[in-house]
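The values are calculated or read from the model by the stated rules, or taken from the named source; none is laboratory data. Just so it is clear, the structure is predicted and the values come from calculations on it, not from any experiment. Here the Cβ is made from the backbone with ideal geometry for all residues, glycine too, and neighbour counts use every protein chain on show. Keep in mind that these areas ignore ligands, DNA and RNA; they rest on the heavy atoms of the full protein, side chains included. Shrake-Rupley method; radii C 1.70, N 1.55, O 1.52, S 1.80 Å.
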Amino acid sequence: MKKIIEKFINQVESRNKNEPEFLQAVTEVAETVIPYIVKNDIYYGQNILLRMVEPERVISFRVAWIDDYEQIQVNRGYRVEMNSAIGPYKGGLRFHPSVNLSILKFLAFEQIFKNSLTTLPMGGGKGGSDFNPRGRTDTEVMRFCQSFMTELFRHIGPNRDIPAGDIGVGSREIGFLFGQYKRLKNEFTGVLTGKGVTWGGSLIRPEATGYGVVYFAEKMLEFQNKSIRGKKVVISGSGNVAQYAAEKVIKLGGIVISMSDSTGFILDKEGINIEKLNYIMDIKNVKRKRINEYISKFPKAEFHENRSPWGIKCDIALPCATQNELTHLDAKKLIDNKCICVCEGANMPSTPEAINLFHKNKILFAPGKASNAGGVAVSGLEMAQNSLRYNWSRKEVDEKLRTIMNDIHESCLIYGKSENYVNYVKGANIAGFVKVADAMLAQGVV
Ligand code: NDP
Ligand code: 2IT
């Protein structure tokens, strides 16, 4: 088996040189899915995984725009349309200087499995740009978004490819992108998700990823007769996912003691309550400043510059910032400090070595493609509401979200549960794979 997997990885590597993040994501899936394929006659010999790692289409384009000083800026835009076996391409847009094809391909590949797990009809895609919104004015961001959409619009559509937010793309950016799409097409359609609630957005979409992560963590703990109440929780990041994960933890009686951004982490031993969290939301979403501002308002808390929060003693860790932010050294610290559960809010935040350590030490560990699927799930519900030309209430959407997260947990158990441990990585990968593979088989060699 080891040899079959190795041969497959080598083949993918030779075709995708210098794409380490993509190869990392593919390797994790191959290690769990290939043994399943070999055991199941209907998949064996169909080269399904080899087809899945090849994007159906990759679009790369120039984004030229004029900054506030009338200087011409040039960025690169992308859309990776990875797989449309079970629905139109669906996945976020990331605006961050680190964006490149390797990162977007890893994200688009993960999205295939995640979207399949949601039970909704969505294929996998991802896009973005190396544009850095940090320090840019609203008008600069608007001009960038308009230029970006002026090319992207011809490739997307409500039945073809439906982008949404991700790092650096929130409600402001979705607004500018939607406005330009509507102007170019002269059509009001549900071509993007994460829209404002007065113009086609769904209630609970901003909260969905963070809430979903905590619903999933609750399910994992419940399985061991434990709960979030009274547990110390460390969260990395302080963006969309981190903020609403924190809110849900606090509402369920957990104690959030740390949040972070790319400059470092804050530690508030008394716990970040809702009032303090609102302050963080104001710093990050309105003032667009750094997390260390927290200390000037709450001086009993500490700020640790240029460090990640994984050395803090906690019961639950929710990595909600970015890929590979939690290394095996961090995993070791968490394990030594008796952390019981690591539930990923970000995409691929834990390195493969860290995941191995979690598994070896029987820590409850959920991969992002299962635990952060709540965001795209509510995006799917936004698409459904757009098609119906109808809006569901907060309660209705929240209930559907909770049901979907519970169902994803069940799917992970089906394929990942052994006698005394649940391997959520294996469970999520195989459950996600089966539905897409069946659709690909039915649709012939394409
Ligand atoms: P935001 O842009 O709202 O927030 C990102 C947060 O992560 C910020 O606090 C940012 O810090 C921090 N961060 C970003 N890059 C780095 C880095 N290289 N090192 C350290 N910290 C970093 O993004 P989201 O909250 O939307 O996304 C966070 C993660 O969740 C990503 O992995 C994303 O792919 C994933 N995700 C998002 C979903 C969504 O619906 N938005 C759905 C599912 C997954 P700073 O402010 O300093 O840049
Ligand atoms: O990684 C993700 O699932 C997202 N950024 C959300 C994608 C979406 O289409 O809502």
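May I ask you to say which residue of Gly190, Gly196 is closer than 28 Å to Asp130 by Cα, touching a Gly at 6+ places or on another chain (Cβ under 7 Å) and surrounded by fewer than 16 Cβ atoms within 10 Å (Cβ to Cβ)?
Only one candidate passes the filter, namely Gly196.
Listed here are the residues, each with its yes/no results for (1) more than 16 Å from ligand 1 (Cβ to nearest atom); (2) among the charged types (D, E, K, R); (3) under 29 Å from Lys332 (Cβ atoms).
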{"site": "Asn356", "(1), (2), (3)": "yes, no, yes"}
{"site": "Ala366", "(1), (2), (3)": "no, no, yes"}
{"site": "Ala370", "(1), (2), (3)": "no, no, yes"}
{"site": "Ser393", "(1), (2), (3)": "yes, no, no"}
{"site": "Asn406", "(1), (2), (3)": "yes, no, no"}
{"site": "Ser411", "(1), (2), (3)": "yes, no, no"}
{"site": "Ser418", "(1), (2), (3)": "yes, no, yes"}
{"site": "Val425", "(1), (2), (3)": "yes, no, yes"}
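Does Gly123 satisfy the condition of being over 13 Å from the mean Cα position of the chain (by Cα), within 12 Å of ligand 2 (Cβ to nearest atom) and either among the polar types (S, T, N, Q) or open to solvent by less than 10 Å² (accessible area, probe 1.4 Å) (or both)?
On the way: over 13 Å from the mean Cα position of the chain (by Cα): yes; within 12 Å of ligand 2 (Cβ to nearest atom): yes; either among the polar types (S, T, N, Q) or open to solvent by less than 10 Å² (accessible area, probe 1.4 Å) (or both): yes.
Against the criterion (over 13 Å from the mean Cα position of the chain (by Cα), within 12 Å of ligand 2 (Cβ to nearest atom) and either among the polar types (S, T, N, Q) or open to solvent by less than 10 Å² (accessible area, probe 1.4 Å) (or both)), Gly123 qualifies.
Is it the case that segment 375-397 has a residue that's within 23 Å of the chain's Cα centre (by Cα), closer than 22 Å to Ala317 by Cα and more than 16 Å from ligand 2 (Cβ to nearest atom)?
Scanning segment 375-397, I find no residue that is within 23 Å of the chain's Cα centre (by Cα), closer than 22 Å to Ala317 by Cα and more than 16 Å from ligand 2 (Cβ to nearest atom), so the answer is no.
Can you pull out the helices (runs of 4 or more DSSP H) entirely within segment 337-446 that have at least 2 residues that are farther than 23 Å from Gly87 by Cα and in contact with an Asp or Glu (Cβ under 7 Å, 6 or more places away or on another chain)?
352-360
If we keep just the residues of segment 152-172 that are open to solvent by less than 50 Å² (accessible area, probe 1.4 Å) and in a helix (DSSP H, G or I), which is farthest from Gly124 (Cα to Cα)?
Arg172
Would you check if there is a residue in segment 222-232 being touching a residue at least 24 places away in the same chain (Cβ under 8 Å), within 13 Å of ligand 2 (Cβ to nearest atom), open to solvent by less than 40 Å² (accessible area, probe 1.4 Å) and in a loop (DSSP other than H, G, I, E, B)? Even if it seems obvious, please write down each step before you answer.
Residues of segment 222-232 touching a residue at least 24 places away in the same chain (Cβ under 8 Å): 223-224, 226-232.
Checking which are within 13 Å of ligand 2 (Cβ to nearest atom) leaves us with none.
No, segment 222-232 contains no residue that is touching a residue at least 24 places away in the same chain (Cβ under 8 Å), within 13 Å of ligand 2 (Cβ to nearest atom), open to solvent by less than 40 Å² (accessible area, probe 1.4 Å) and in a loop (DSSP other than H, G, I, E, B).
Residue check, Phe303 against (1) free of Cβ contacts under 8 Å to residues at least 60 places away in the same chain; (2) assigned to a helix (DSSP H, G or I); (3) open to solvent by 10 Å² or more (accessible area, probe 1.4 Å); (4) touching a helix residue (DSSP H, G or I) at 6+ places or on another chain (Cβ under 6 Å), all met but one. Which one?
Here Phe303 clears every test but (2).
Go through (1) crowded, with 23+ Cβ neighbours inside 10 Å; (2) without any contact (Cβ under 8 Å) to a residue 60 or more places away in the chain; (3) among the aromatic types (Phe, Trp, Tyr) for Tyr211 and report which single condition fails.
(2)
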